[in-house]
């Protein structure tokens with residue numbers, strides 16, 4: 001992730017956007033339950049929202065520095081930070097009451113690797129559990145903001161079929177100005 005993008009994800013502006021836009025959406029679309037998996041927390045502002053709404057949160061972060069900083073900041077809380085890949089978490093099958101990924105999947109270098117993550121998330125969710133995702137749309141302005149960064153947006157044309165292939169049902173996709181929001185459930 002490029003420096004300016006990372007700085008934004010740790011900023012008061014991002015925290016405000018999460019409080020005014022993301023949180024109301026989460027509360028409207030799903031019950032997170034007691035044990036939430038977060039994929040790609042980055043600096044952890046989204047983790048802060050989740051840990052206030054679930055008894056337990058497990059955050060999987062691939063970046064060593066981000067995982068270390070988040071683990072240190074949240075030591076002694078209801079959050080476990082795992083430094084590793086979301087495509088192969090090693091976590092127990094059927095454990096989680098919900099899974100989330102907020103503005104992260106477009107940083108995964110290929111659609112194939114994104115699909116591996118979706119399959120792993122499906123594996124670790126309980127039956128009936130929700131997946132909540134927000135992610136960037138494929139827009140020129142967003143591509144420019146991701147200069148010198150990985151930017152592989154989810155294809156709006158194939159997203160639903162990819163989720164079905166991973167096993168998800170009840171897929172609902174909302175296309176907004178600059179982002180995609182989706183919910184799906186484990187069968």
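Some observations on this one:
- If you go through the stretch 1-35 and keep only what is in contact with a helix residue (DSSP H, G or I) (Cβ under 9 Å, 6 or more places away or on another chain), surrounded by 17 or more Cβ atoms within 10 Å (Cβ to Cβ) and not in a helix (DSSP H, G or I), you end up with 1, 32.
- Test set (1) modelled with pLDDT of 95 or more; (2) not in a helix (DSSP H, G or I) - residue 147 fails condition number: (1)
- Which numbered condition residue 114 misses (of (1) touching a residue at least 12 places away in the same chain (Cβ under 8 Å); (2) within 20 Å of residue 25 (Cα to Cα)): (2)
- Residue match in the stretch 78-95 (condition: farther than 20 Å from residue 166 by Cβ, over 16 Å from the mean Cα position of the chain (by Cα) and not in a loop (DSSP other than H, G, I, E, B)): no
- Residue 70 meets the stated requirement of being crowded, with 20+ Cβ neighbours inside 10 Å and more than 15 Å from the chain's Cα centre (by Cα).
- Test: residue in the stretch 60-71 that is within 16 Å of residue 182 (Cα to Cα) and part of a helix (DSSP H, G or I): no
- When residue 118 is tested against the conditions (1) under 20 Å from residue 84 (Cα atoms); (2) surrounded by fewer than 22 Cβ atoms within 10 Å (Cβ to Cβ); (3) modelled with pLDDT of 95 or more, the lone failure is (2).
- Output for the stretch 45-54, where each listed residue is without any contact (Cβ under 8 Å) to a residue 40 or more places away in the chain, touching a strand residue (DSSP E or B) at 6+ places or on another chain (Cβ under 7 Å) and either assigned to a loop (DSSP other than H, G, I, E, B) or surrounded by fewer than 24 Cβ atoms within 10 Å (Cβ to Cβ) (or both): 51
- Residue pairs whose Cβ atoms lie under 6 Å apart, sitting 6 or more positions apart in sequence or on different chains, and linking a residue in the stretch 6-17 that is without any contact (Cβ under 8 Å) to a residue 60 or more places away in the chain to a partner that is surrounded by 12 or more Cβ atoms within 10 Å (Cβ to Cβ) and not in a helix (DSSP H, G or I), are 10/43.
- The set of residues in the stretch 96-123 being assigned to a loop (DSSP other than H, G, I, E, B) and under 23 Å from residue 18 (Cα atoms) consists of 103, 104, 108.
Conditions tested, residue by residue: (1) out of contact with any helix residue (DSSP H, G or I) (no Cβ under 8 Å at 6 or more places or on another chain); (2) surrounded by fewer than 17 Cβ atoms within 10 Å (Cβ to Cβ); (3) touching a residue at least 60 places away in the same chain (Cβ under 8 Å).
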residue	(1), (2), (3)
96	no, no, yes
107	yes, no, yes
110	yes, yes, no
140	yes, yes, no
156	yes, yes, no
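- Identity of the residue in the stretch 158-187, touching a strand residue (DSSP E or B) at 6+ places or on another chain (Cβ under 6 Å) and surrounded by fewer than 15 Cβ atoms within 10 Å (Cβ to Cβ), that ends up modelled with the lowest pLDDT: 187
The values are calculated or read from the model by the stated rules, or taken from the named source; none is laboratory data. Because the structure is a prediction, the values reported are computed rather than measured. Heads up, the Cβs are rebuilt from the backbone with ideal geometry, glycines too, and the neighbour counts pull from every protein chain shown.
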